[in-house]
Amino acid sequence: MKLIGASYPRMGTLSTKAALEHLGLGPCYHFVTLFERPQDVDVWQAAADGKPVDWTALFADFQAAVDWPASVFYKQHMALYPDAKVLLNVRDPEEWYESMLKTVYPASQGGLSAPAESAMGRLGRMIDTLAWQGLFHGQFEEKPYALSVLERHDREVQDYVPADRLLVWDVKEGWEPLCRFLGVAAPDMSFPYLNDAQTFRERFLSVTVG
């Protein structure tokens, strides 16, 4: 593992995944990876329940990981991969919250009403355990509280990660800061700004109806 993402979802992490893979840090693990590897949901459920997980086996084929669920465990991954750099994606908090309300939150809440052993049910339960209960203590719908959790998380990452190992970055900044941080040349192409929300809805829809 060469790069560890420490940010919450809806921070341009799908664009980040595409950018990292273009720069040679691929494959990059992301929430959407779970739609391709549904067996991993059980591993993440175990981690969310506080059980031991074989991270090296989980990430054997990956050089980077961003977004939930991986970012929740950035401290453990830093200890396991001491040479890996850490990336904290940031975004306007108000925009972030509104985006979460339209995508991740309702989709995962819908999963809780799906059959428990279905793909959607397992995924919804894992995110509920890991995030809505574990991080937001059942209060995500209370906007001031949710924003305080995000603020506390971002501050904690910046306090915990050594400065020479961390990049705090908004995807709107494009290639230059990211490539400088990774020590690689910026490619002669536009930064891959992807429609995260559309992709998210399409992936969840495929799980629901598939």
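The values are calculated or read from the model by the stated rules, or taken from the named source; none is laboratory data. The structure presented is a predicted model; accordingly, all values stated were derived computationally and were not measured. For neighbour counting, all protein chains shown are included, and Cβ atoms are generated from backbone atoms with ideal geometry for every residue, glycine included. The accessibility values were calculated without ligands, DNA or RNA, using every heavy atom of the protein model including side chains. Shrake-Rupley method; radii C 1.70, N 1.55, O 1.52, S 1.80 Å.
For the listed peptides 4-13, 109-118, a ranking on the average number of other beta carbons within 10 Å per residue, highest first, reads 4-13, 109-118. Ranked from largest, the principal axis spans of the Cα set of the chain equal 48, 37, 32 Å. One chain, two ends: residue 49 and residue 137. Fully extended at 0.36 nm per residue, the span grows by 30.2 nm beyond their Cα-Cα distance.
Extension gain for residue 2-residue 176 works out to 60.8 nm (0.36 nm per residue, less the C-alpha to C-alpha distance). Only helices reaching 15 angstrom along their own axis (Cα) with mean Kyte-Doolittle hydropathy no lower than -0.5 count here, and for the DSSP H runs of the chain these are 196-209. Each Lys and Arg contributes +1 and each Asp and Glu -1, all at the Cβ; summed about the Cα centre of the range 1-144, the dipole is approximately 180 debye. Taking label points 7 Å from Cα along the Cα-to-Cβ direction, residue 118 and residue 61 give a separation of 2.7 nm. Taking the protein heavy atoms of the chain in the context of the full set of protein chains, the accessible area attributed to carbon and sulfur is 52 percent at 1.4 Å. Simple spin-label estimate for residue 39 and residue 151 gives 4.4 nm between the two label positions (7 Å along the Cα-to-Cβ direction from each Cα). Legend: residue pairs 17/143; 102/172; 75/172; 51/75; 75/102, Cα-Cα distance threshold 19 Å; pairs beyond threshold, 17/143; 102/172; 75/172; 75/102.
Compared with the direct C-alpha span, the chain from residue 163 to residue 94 gains 22.2 nm at full extension, assuming 0.36 nm per residue.
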